[in-house]
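Note sheet for the following structure.
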Amino acid sequence: MGHYVLHHIYKDTLFFGVVVMIAFALLQWSLRWCCKRCGEKWGVRGIGDTAVLPLVLLLGGSSSVFVVNPDLNTQTRNGRGEADMYG
């Protein structure tokens, strides 16, 4: 009930949407940089090439574990604490 009354649903949806947009923008930037720097050596012609998939998994996985997860966990824990205080 506390999440509903304190509007956490809308706030979290907005926050997570912004985080996902920023994460995809950073992923696109890093993929372009990697393809420009080492694309010919790796046999990757661009972001649309299917050979870039292992690089997407490597960059996406490492950034989600080390960069995005702590922020999302902090947001979730703060929301739960506020909802518990309301309850």
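The values are calculated or read from the model by the stated rules, or taken from the named source; none is laboratory data. Quick caveat, the model's predicted, so the values are computed rather than measured. Don't worry about glycine lacking a Cβ; one is built from the backbone with ideal geometry, like all the others, and counts go over all protein chains shown.
Numerical summary
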item: Only one of VAL19, VAL44, VAL52 that is touching a residue at least 24 places away in the same chain (Cβ under 8 Å) and not small (Gly, Ala, Ser); result: VAL19
item: Subset of region 72-81 (residues that are more than 14 Å from LYS11 (Cα to Cα) and surrounded by 11 or more Cβ atoms within 10 Å (Cβ to Cβ)); result: GLY81
item: In region 20-69, residue nearest to the chain's Cα centre (by Cα) [restricted to those that are surrounded by 12 or more Cβ atoms within 10 Å (Cβ to Cβ) and of a type in the set (Gly, Ala, Ser)]; result: ALA23
item: All positions within region 1-32 that are of a type in the set (S, T, N, Q), closer than 21 Å to LEU58 by Cβ and at pLDDT 90 or above; result: GLN28
item: Hey, ASP84 more than 13 Å from the chain's Cα centre (by Cα), surrounded by fewer than 11 Cβ atoms within 10 Å (Cβ to Cβ), closer than 30 Å to MET1 by Cα and in contact (Cβ under 8 Å) with a residue 40 or more places away in the chain or not; result: yes
